[in-house]
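Remarks on the structure that follows.
A short reminder: the numbers here are calculations on the coordinates, not readings from a lab. Note that the coordinates shown come from a computational prediction; the quantities given were computed from them, not determined experimentally.
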Amino acid sequence: MKKTFSFISIFILLTFSFLNINSCSNRDDTVSCFPNSTINVNLNLNLAAYNDLNFVGQPIYIDEQQSGTRGLIVVRTLDNPATFKVYDRNAPHLCPDNNTTLEIKNGNSIFCPKDNATWILITGQPTAVSSLPPKTYFWNYDAATKNLSLYN
C-alpha cells in the first residue's frame, strides 16, 4: 500500500510541476516571438516632460534607454493612492512587424495599427480583435520625491 501511495504522490507532484512550468502565470501569455528586454527607467514627475503623470488618465510615451524594444506607455490610473499602469508598446498578440507598435488613441484607448486591436487605457482590458491584454511592467512610486520607477 505504501508503494502505491508513494507512486501516486510522485505522479501527482510531477503532473502539477509540469503544469506550473507550462502555465502563463507571469504575464508570459503573449505570442512566443514577443521580445524580452530589460525595463529600468526612473521618472521624476516634477519635470515638465512627465507632468501629465501627475493627473489620472493622462498617458505618456517613454522611449528612453532600457524602456523596451519599442518603448512604454505609462498612465496614472488612480490618484490616492497613486497607481499606474506601465504597458509595453509591442502588440501582445502579434510578432513584431511593421505597424505593430501600440499607440494611444482618443486619449482613452490603446490601439494596434496593424489589425485595429484595441484595449482600454486605464485597465488594459481588450475590447477588439485580441483577447490578450498588453504586457505590463512593475512600478514603484515615491510620493515624497515624485519619483516613479519602472522595471521588470
I'd like the Karplus ³J(HN,Hα) series for the stretch 97-109: coefficients 6.51, -1.76, 1.60, θ = phi - 60°, whole numbers in Hz, and an x wherever there's a Gly or Pro. 7, 4, 6, 10, 7, 5, 10, 8, 10, 6, x, 9, 9
Quick check of the Kirkwood formula: for the stretch 37-151, what is the inverse mean of 1/r over all pairs of different Cα atoms, in Å? 14.2 Å
Amide H to amide H, which residues 5 or more places from Ile39 or on other chains are under 5 Å from it, using H placed in the peptide plane? Asn152
